[in-house]
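Written below as structure tokens is the structure these notes are about.
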Ligand SMILES: Nc1ncnc2c1ncn2[C@@H]1O[C@H](COP(=O)(O)OP(=O)(O)OP(=O)(O)O)[C@@H](O)[C@H]1O
Ligand SMILES: [Mg+2]
């Protein structure tokens, strides 16, 4: 007789500064069957600069989400992000994986803002180069940032199966959504507008070239409205969601809408920072004598729900911009009114997919 232990259900859990998202899905003949996609507001001031600073409050919110999902416990794939989480593509002398593992702290020391001893460092050898060296992807995150997230999960009774980078998870979801986009050959920008941060990544032929964090997000827009019109946070949020920023695209006719005029400088500043990151990528490419012009952009995160933002970004950046509503796609079944399919769940979806190896 063989006894098979029933394993815990796998979830993707995205602990954001504004909302915590939980997604649970399975492979299906067409692609994916979504069982659950939920979000709850993050308790105020419980997540700061990527770290969980109030472990008990975040754990309680995670527990609440589990309950709403009908789960007693779960094994979670979680993520990290923020300015202190770094990803670098580096070229170093050729060595085998074992040797690199021994010297990775030394190699990474040049790129990691914190001391390497206080960081978790991972790497992936991407391949040999023509000049006898090799390209390596190095990822590092402060131990305290990662550990605080693990503590919140543990306190909520959730076992952590893996820790990923947010942009990697969002990209996995994008690949799975397979919206007829040529990921293998294109150079794409993946932009996630969260509450306090915006992540800009460039993916060239399926490989991450850069990922950067801008310390601005949807909250800066709310903040501007709140201050100017002396509103409560909730009223400013509500008001923001009613605006359509496409009205700002006509430069010949300044908008008469006062809230839009208050929003515009913040939005333009955010887009300027995006452009700076994209220019940085382009200049690296030019230096290396490589091509890699951007083909298009995908914008995800709750900030992507601002009405008209994809068109506005497209107008300002001169690129095609698609909203990243990953689950809103024929490859995903099981959707219902209770299942969140907006651009804010792309990270959690990509995390949930980690539980399921390629079919
Ligand atoms: N309908 C909407 N219109 C405009 N903005 C919206 C809308 N819905 C949500 N947002 C904004 O999205 C932001 C939150 O997005 P999201 O939930 O992706 O953030 P987060 O993942 O918690 O934050 P971070 O990634 O910074 O940790 C907030 O600034 C919120 O105001
Ligand atoms: Mg986020």
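The values are calculated or read from the model by the stated rules, or taken from the named source; none is laboratory data. None of these values were measured; they are calculated from a predicted model. Note that each Cβ is placed from the backbone with ideal geometry, even for glycine, and that neighbours are counted across all protein chains shown.
Taking the options 100, 41, name whichever one is surrounded by 12 or more Cβ atoms within 10 Å (Cβ to Cβ) and in contact with a strand residue (DSSP E or B) (Cβ under 9 Å, 6 or more places away or on another chain).
Details: 41 fails: surrounded by 12 or more Cβ atoms within 10 Å (Cβ to Cβ).
It is 100.
For region 312-324, the criterion of being at pLDDT below 90, within 16 Å of ligand 2 (Cβ to nearest atom) and either closer than 29 Å to residue 40 by Cβ or loosely packed, with under 15 Cβ neighbours inside 10 Å (or both) is satisfied by at least one residue.
Of the residues that make up region 95-102, is at least one in contact (Cβ under 8 Å) with a residue 24 or more places away in the chain and under 26 Å from the mean Cα position of the chain (by Cα)? Reasoning before the result, please.
If we filter region 95-102 for residues that are in contact (Cβ under 8 Å) with a residue 24 or more places away in the chain, which is where we start, we get 95, 97, 100.
Pick out the ones that are also under 26 Å from the mean Cα position of the chain (by Cα) and you get none.
Scanning region 95-102 turns up no residue that is in contact (Cβ under 8 Å) with a residue 24 or more places away in the chain and under 26 Å from the mean Cα position of the chain (by Cα).
Quick one: count up the residues across region 340-356 that are part of a loop (DSSP other than H, G, I, E, B) and either touching a strand residue (DSSP E or B) at 6+ places or on another chain (Cβ under 6 Å) or within 10 Å of ligand 2 (Cβ to nearest atom) (or both).
Here is the first cut: in region 340-356, the residues part of a loop (DSSP other than H, G, I, E, B) are 340-342, 354-356.
Next, from what is left, pick out any that are either touching a strand residue (DSSP E or B) at 6+ places or on another chain (Cβ under 6 Å) or within 10 Å of ligand 2 (Cβ to nearest atom) (or both): 340, 354-356.
Selection size over region 340-356: 4.
Candidates in region 187-206 are the residues that are touching a residue at least 40 places away in the same chain (Cβ under 8 Å) and away from ligand 2 (no atom under 16 Å from the Cβ); of these, the one that is surrounded by the most Cβ atoms within 10 Å (Cβ to Cβ) is 202.
Could you tell me which of the residues 304, 348, 310, 340 is within 14 Å of ligand 1 (Cβ to nearest atom) and free of Cβ contacts under 8 Å to residues at least 24 places away in the same chain? Quick ask: steps written out before the conclusion?
Values: 304 fails: free of Cβ contacts under 8 Å to residues at least 24 places away in the same chain; 348 fails: free of Cβ contacts under 8 Å to residues at least 24 places away in the same chain; 340 fails: free of Cβ contacts under 8 Å to residues at least 24 places away in the same chain.
Exactly one residue qualifies, and that residue is 310.
Quick check: anything in region 149-168 under 21 Å from residue 298 (Cβ atoms), within 16 Å of ligand 2 (Cβ to nearest atom) and either in contact with a helix residue (DSSP H, G or I) (Cβ under 7 Å, 6 or more places away or on another chain) or not assigned by TED's automatic domain parsing to the domain that holds residue 354 (or both)? Yes; the residues of region 149-168 include at least one that is under 21 Å from residue 298 (Cβ atoms), within 16 Å of ligand 2 (Cβ to nearest atom) and either in contact with a helix residue (DSSP H, G or I) (Cβ under 7 Å, 6 or more places away or on another chain) or not assigned by TED's automatic domain parsing to the domain that holds residue 354 (or both).
Just to be sure, is residue 117 over 30 Å from residue 53 (Cα atoms) and at pLDDT 85 or above? Spelling it out, it is not the case that residue 117 is over 30 Å from residue 53 (Cα atoms) and at pLDDT 85 or above. Filtered by the rule that a residue be more than 19 Å from residue 77 (Cα to Cα), assigned to a loop (DSSP other than H, G, I, E, B) and in contact with a helix residue (DSSP H, G or I) (Cβ under 7 Å, 6 or more places away or on another chain), region 310-339 gives 320, 324, 325, 329, 331.
Find the helices (runs of 4 or more DSSP H) located wholly in region 218-305 whose residues include 1 or more that are within 22 Å of residue 347 (Cα to Cα) and away from ligand 2 (no atom under 16 Å from the Cβ), and list them.
Working: elements: 218-229, 233-242, 258-287.
The qualifying helices (runs of 4 or more DSSP H) are 233-242, 258-287.
Output the number of the condition that residue 213 fails; it satisfies all remaining conditions of (1) out of contact with any helix residue (DSSP H, G or I) (no Cβ under 7 Å at 6 or more places or on another chain); (2) in a helix (DSSP H, G or I); (3) within 24 Å of residue 39 (Cβ to Cβ). Of everything listed in (1) out of contact with any helix residue (DSSP H, G or I) (no Cβ under 7 Å at 6 or more places or on another chain); (2) in a helix (DSSP H, G or I); (3) within 24 Å of residue 39 (Cβ to Cβ), residue 213 misses just condition (2).
Here residue 44 passes the criteria (1) in contact with a helix residue (DSSP H, G or I) (Cβ under 9 Å, 6 or more places away or on another chain); (2) touching a residue at least 24 places away in the same chain (Cβ under 8 Å) except the one numbered (2).
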